[in-house]
Structure formats: C-alpha cells, structure tokens
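Rule-based calculations on the coordinates, nothing more; no lab input. Note that the structure is predicted; figures quoted are calculated from it, not measured. Please note: Cβ atoms are built from the backbone with ideal geometry, for glycine as well, and neighbour counts cover all protein chains shown.
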Amino acid sequence: MENFSRSIPSSIEVIPTLNSSHEKEWPSIPSTSIIQSLNIATDRLKSLASTLLPQNIAMGGGDGSSPPAHVLIILPIPEPTDAIARIKRKHPTIEITFRSLLFNPTSWQGRGQPIDPSIYSTITHLVTLSALPPSPSDAPHLQLILLASAGSNHIQHTPIYKDTDITLTTSSGIHGPQIAEWCLMTALASSHYYNMLHDWQKQHKWGRSGVGESDTRLETLRDKVGQRLGVLGYGSIGRQVARVAKAMGMRVIVYTASPRPTPESKRDAGFIVPGTGDPDGSIPEEWFSGLDKESLHHFLGQGIDWLIISVPLTKQTTKLISAPELSILGKTRNSFVTNISRGQILDQTALVKSLRAYAAADPVKGGDGGGGVRGAALDVTDPEPLPETDELWAAPNCIITPHVSGLGVKYMDRVLQVFEVNLEREEEGASLINVVDRKRGY
C-alpha cells in the first residue's frame, strides 16, 4: 500500500495498512473479514486512481504543472476523421488539431498553405511527416513527436532534432506488408522476364517466333526454392520479406549492427502489423552482425542470391554497398540487389558498372557473369528525383520506381495506430516504441 498511496492525490484519504494494533481494536471481527474489506477498499481506490491519474499526470492539466494534452497532426492527406474519432474515444480529454500539408517529394518538405508557427505554442504531441516548429521556443510544451516515416534522416538537420531532447519516434513497422510485396513483385518480374512477356502481349505475339514457341531464355528461369535471401538490416520490412520468402522455399540469413545471441534480443520490439513479419526472430537460419567491413563481407560471401538493403541511412551506412561488396555478391552469378532504404546507401555508379559487366558476359549466352550482379530493383535513388540524364535509367536489368513502395490505403491509419500505442504507453508510464536514438541516428 505504501507505494500506491504515494501515487494518489492528497485529497484522497488512503486506508492505513492493517497491523497488530488494529487487530486489538477489533477483537470480535475475524481477520479474514478485515482483509476482505481492505481488499475491496483497495480495489475501489485503484479504480478511482485509474480515472484520475492519466489526465492529471500522464496527460497533464490536473495540478497546473503541465498543460492539457494537445495533439497536432500535420499530414499530406485529407483529415482522417475515423482515426481521430477512434483516438478521441479512447482518450476523451485530449485536444486534437489537424492540418493538411501537401507533400513535396523532391525535398521532404511541405508545400501549399504555410503552417503558422503560432500553432505550435500549446501542443504537447506532434504527428508529422516533415513539418516541424522552426525553433524549439515555438513549441515550449512539446513532449513527443511521431514521424510518419520509417526513418528520421530527413529532419536531422533541424533545431528540433539537434538542439532538444524532445522524444522522437518513427512509424517503423507500418511499411512491412506493402514494401515486401513490392520487393517480391520486382524480383519475380526480373527473374521471370516479365518485360519480355509483356512486350509479346503488346505485340499480340504468342512467343517470339510463333505459336507454341518461346524464347530460350525462359528455359533458364530459376525459381526461388532453395535460393538464399540475405537481409541487410532486420527491421520490420526485412522481417516481412523474410516471412514471404521463406514461404516460397527460400533460405534466409540476416545481418544486423549488433549481435543477437538470445531469443529476447532477436524479438521485434517495434510496431507490428498483426499477422506479419517475424516477431520472435525465428525465421533466419543464420544471424550475422558487425560494424566493420570484414564482418559485412563475410555475410555477403555466404552465397546470397537476393540481397535486401533495409538499413537506416547514417554516416556509417552511406555507400555501405559499393564496388567491393557488389564484387563479392557477383561470385554467385545469380545475385539480385533490392534497395528500399535510402539511395545514398548503395553506390549507384558501382552498381551500373556491375550490371553492365554481367550483361556483357551473360551466363545465358555462355558467359561467366563478368563478376557483376544479375539485376537490381530500386525504389530509392540518389538524388530523388533521379535526373533524366542519369546513367542508372539505362542500366541493364534494373527496375526503378519513384519511392512509392510504401504507399497504400492503410498507410496513414497505421501511422496513427503507432501514435495510439505510444499514447497508451505514455499514460501507463511504460517505455515507448520506435524511439529514435539521436546518437545512432535511428
């Protein structure tokens, strides 16, 4: 009772703990009845506290020490009325303000009607893609920010990131389903020669030479059974790709910055879309780790047929995959590279050279692969948008899409689901999920 009584507002009278002196005062009452009465009283106090504490302590506004919770949502979508209503039902005391700010994909900044900095003056929580208070002084009560993106690299130059300790969280975990499907789509489109098949359809041709005949290239097709998937960065996206790939018969190995020697360390501690991913980290048959090139090269040298790049962008991961790494992958004569992280992580000049080397010595035509990688699928480039004159556009067997793999009708609703999880954890005094470590950059 001692710790509990300290958490109750002083206006509430707490029943004292039973001791021997109390027993002497009520000799005619059985001790079991006294204990039952105290248990009932304690339960009533806990019930009362549960209704008072969230709004007085976690959500502010009880004793005047902090303002009432005020959530500002700035997103490039129409107002998500259903999601906001859902949040209000669960947290009726909070105020929610919504502003729609269109998204400019060329600079990760909002466009359209400017946001008046005064709007930040009373907020305690902010849900945003990239719009932030110009100065920390514009948001004196701001405690928690949720970014509607998996990473935080696009706001790391801002005063809010550099000069404050405001808790930053990301929407990591919401992208797994749609991005994993994009990864599978592009990888299969490449290995099944979909471009060629589509050309035949547009030309109204049943094969290249006539009815019943097909290009001999189709006879070289390799299905995914028994092939090895290497996941570089085993977050929510990598885990969902691993889940689907294993269902197709692939073998999965993964690489993380730090070792994961225990079952607990392998668990996914972030937001998980129900029914997806690898919550307990049991899918990989081998787990590699390290921060040095030697460790990375050891992982890449495991006969990887398909590499998924899904690490966050930091100084350490910039051009993490370049000519030496692609050369290691090229030894399999079948390696396909997918980048759904950030364009700066993959050296595009080195990639173009590797793709050209493979095409010039295509094993289908009797070559040895030239030490290059067979193909690539990129949803991210450096820079974005990719200039029309960039040599990457014409690289052989390279699929490029304009940073769209994570889009879908569920995107923003899942962003707000992450926010709801942290609101509840905040009220309970529990640790938040998806918190950004400013020192690590993610």
Here, R86 and T318, labelled 7 Å along Cα→Cβ, have an inter-label distance in nm of 3.9
Subtract the Cα-Cα distance of V225 and Y411 from 0.36 nm times their separation in residues, and report this length gain in nm to one decimal.
-> 63.8 nm
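Under 11 Å from the Cβ of T124, count the other residues' Cβ atoms, weight Lys and Arg +1, Asp and Glu -1, and hand me the total.
Working: positive: none; negative: E95, E426.
Charge balance in the 11 Å sphere: -2.
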Which of K353/K439; K246/K331; K293/K410; K266/K353; K224/K331; K205/K331 have a Cα-Cα distance over 26 Å?
-> K353/K439; K293/K410; K266/K353; K205/K331
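With a 10 Å radius around each residue's Cβ, average the other Cβ atoms per peptide and rank 234-246, 177-189, 285-297, 357-369, highest first. Provide the component values of the computation, followed by the final result.
Details: 234-246: 24.6, 177-189: 20.3, 285-297: 13.5, 357-369: 15.2.
Per-residue mean Cβ counts within 10 Å order the peptides as 234-246, 177-189, 357-369, 285-297.
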Using the Cβ atoms and a cut-off under 10 Å, what net charge is assigned to the surroundings of A359, where Lys and Arg are +1 and Asp and Glu are -1?
-> +2
Inter-centroid distance (Cα atoms) of region 351-367 relative to region 368-405, Å | 15
Taking every other residue with Cβ under 13 Å from the Cβ of F336 and scoring Lys and Arg +1, Asp and Glu -1, one gets +4
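When T262, T167 are ordered from fewest to most other Cβ atoms inside 10 Å of their Cβ, what list results? Each step should come with its number before you reach the end.
Values: T262 9, T167 16.
In order of increasing Cβ crowding within 10 Å: T262, T167.
Could you put E427, E388 in order, starting from the residue whose Cβ has the fewest other Cβ atoms within 10 Å?
Numbers: E427 18, E388 6.
Final ranking by Cβ density, sparse to dense: E388, E427.
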For K162, the aspartates and glutamates lying under 17 Å Cα to Cα, once residues fewer than eight places off in the same chain are dropped, come out as D138, D437
